[in-house]
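Heads up, the thing below is written out as structure tokens.
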Amino acid sequence: MLKQLKQKAIAEIKQAGDLNSLEKVFRQYLGRKGELTQVLRSLKDLSAKERATQGKLANQIKKEIENILEQKKYKIRDTKYELPKEWLDVTAPGVPMPQGHLHPITLVQRQVEEIFQSMGFTVANGPEVETDYYNFDALNVPKNHPARDLWDTFWLKDLDLLLRTHTSPVQARYMEKNNPPLRIIVPGRCYRHEATDASHDVIFHQVEGLMVGSDVSAANFKGVIEEFFKQFYHTDVKIRLRPSYFPFVEPGFEVDVKRKGKNWLEIMGAGMVHPNVFKTVGYKANNYQGFAFGIGLDRLAMIKYQIDDIRLLFTNDLRLLKQF
């Protein structure tokens with residue numbers, strides 16, 4: 001099915017004669033409701049072995065189609081701006097074509113999604129304007145619990161709504177509608193009323209991860225995260241887990257990563273999903289167990305591209321953006 005989809009997409013790209021036609025092909029196969037996008041979203045219905053195999057193949061095909069689309073786009077543009085063949089002034093200065101640049105956070109998010117999808121994870125999404133229930137109560141943080149002070153929350157005036165402080169609410173929403181076993185990641189924007197400095201901002205990006213099954217353990221988590229960072233940094237890494245507290249996991253731990261020639265670096269928080277969270281979403285806590293984790297995409301981008309101030313990511317300074 002995937003190979004037939006690939007052949008069909010390539011054939012239609014070759015037939016496209018202008019940029020509008022090319023854009024229609026992109027939406028048909030790679031858009032939010034595109035055929036290949038739907039295939040990637042349906043991986044959650046497959047077995048773990050099939051998800052890993054089909055996920056890797058689907059991502060390879062996605063990259064091939066993207067490359068062919070890009071080549072075709074430049075070919076159409078070159079033809080459009082081609083000078084008349086009968087006369088050419090070789091002394092005239094060239095006219096550079098303006099090019100857009102993907103934001104470093106977008107680049108990192110796409111890489112994170114591709115790595116986890118190759119391991120059988122599904123990308124899930126949820127609202128940025130959340131209810132108090134999903135942002136806190138469903139995650140074992142009831143009203144008046146002191147742990148709520150850890151999240152400096154933006155509340156919407158005269159409404160019982162808030163700007164989500166993490167992407168974890170999607171964890172509860174997803175489990176309410178899906179039965180184990182499951183593997184998801186949830187990338188997206190989050191908001192906290194924090195003082196802005198070189199490493200903090202009121203808007204930041206996070207990717208939540210969740211894996212639930214009958215026998216999922218902390219050893220499974222360590223293996224998944226170790227493989228993720230190995231692919232992300234393109235080198236062998238060491239992982240270290242340190243005890244920590246998060247109300248929606250028990251036990252909870254901080255995760256440190258060490259690359260060759262580098263020092264240990266605290267990179268994420270994680271833990272085994274708290275039984276109270278399972279009970280809230282309707283799971284029988286004795287039947288299932290799983291792990292959850294949260295990684296800051298901004299932090300990953302800063303480390304990967306050696307950016308020393310998070311505020312540079314949000315100033316729209318072209319001197320920064322043109323480097324990517």
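The values are calculated or read from the model by the stated rules, or taken from the named source; none is laboratory data. Being a predicted model, the structure only gives us computed values, none of them experimental. Positions of Cβ are generated from backbone atoms using ideal geometry, with glycine treated the same way; all protein chains shown enter the neighbour counts.
Worth a mention:
- Subset of the stretch 242-253 (residues that are closer than 14 Å to Ile225 by Cβ and either at pLDDT 95 or above or exposed (fewer than 15 other Cβ atoms within 10 Å of the Cβ) (or both)): Arg242
- The stretch 63-117: number of residues that are part of a helix (DSSP H, G or I) and modelled with pLDDT of 75 or more: 28
- Given (1) closer than 30 Å to Gln54 by Cα; (2) without any contact (Cβ under 8 Å) to a residue 24 or more places away in the chain, number of the condition Gly188 does not satisfy: (2)
- Test: residue in the stretch 258-268 that is assigned by TED's automatic domain parsing to the domain that holds Ala172, within 18 Å of the chain's Cα centre (by Cα), surrounded by 15 or more Cβ atoms within 10 Å (Cβ to Cβ) and in a helix (DSSP H, G or I): no
- Hits in the stretch 282-324 - residues which are surrounded by 19 or more Cβ atoms within 10 Å (Cβ to Cβ) and part of a helix (DSSP H, G or I): Leu297, Asp298, Arg299, Leu300, Ala301, Met302, Ile310, Leu313
- Tally, over the stretch 179-221, of residues that are surrounded by fewer than 18 Cβ atoms within 10 Å (Cβ to Cβ) and in a strand (DSSP E or B): 5
To keep it simple, each residue is scored yes or no on (1) touching a strand residue (DSSP E or B) at 6+ places or on another chain (Cβ under 8 Å); (2) surrounded by fewer than 16 Cβ atoms within 10 Å (Cβ to Cβ); (3) of a type in the set (Val, Ile, Thr).
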residue: Val129; (1), (2), (3): yes, yes, yes
residue: Leu139; (1), (2), (3): no, no, no
residue: Pro142; (1), (2), (3): no, yes, no
residue: Thr167; (1), (2), (3): yes, no, yes
residue: Arg173; (1), (2), (3): no, no, no
